[in-house]
1. Restricting the search to the stretch 71-99, which residues are surrounded by 14 or more Cβ atoms within 10 Å (Cβ to Cβ), assigned to a helix (DSSP H, G or I) and either at pLDDT below 95 or among the hydrophobic types (A, V, I, L, M, F, W, C) (or both)?
2. Just checking, how many residues over the stretch 30-54 are open to solvent by 60 Å² or more (accessible area, probe 1.4 Å), modelled with pLDDT under 90 and not in a loop (DSSP other than H, G, I, E, B)?
3. Taking Arg9, is it modelled with pLDDT under 95 and loosely packed, with under 14 Cβ neighbours inside 10 Å?
Amino acid sequence: MSRGDEVLRSDLPGEVASGQPLPLKGGSAADEAGMSERDFREAKRKFEVAWITKELVSHRWNVSRTAATIGLHRQSLQEKLRELGIRRPGRELEEEIEE
């Protein structure tokens, strides 16, 4: 894939030749997933919220199906949802009205 017998700097893509990392695709989504955090715990929490929410949405917020897909027991996923404060959209309003 090079022009000659040796791979030259000019044969390499710009980001490889310069040594600069590629920017993350979808920067705002990456930020929401904790990629811009310096603190490990906060980055992990943001990643868990983003990933679990994405999985729940893909299963229409069916906790049992989501838990089975991601390899958790339903009760464990429910505990994680409480721990992270993840609620199905619209449920927050129902709970506030009840109070």
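1. Correct list: Leu77, Leu81, Leu84.
2. Here the count works out to 2.
3. So Arg9 fits the description; yes.
The values are calculated or read from the model by the stated rules, or taken from the named source; none is laboratory data. Quantities reported herein were computed from a predicted structural model and do not represent experimental measurements. Heads up, the Cβs are rebuilt from the backbone with ideal geometry, glycines too, and the neighbour counts pull from every protein chain shown. The accessibility values were calculated without ligands, DNA or RNA, using every heavy atom of the protein model including side chains. Shrake-Rupley method; radii C 1.70, N 1.55, O 1.52, S 1.80 Å.
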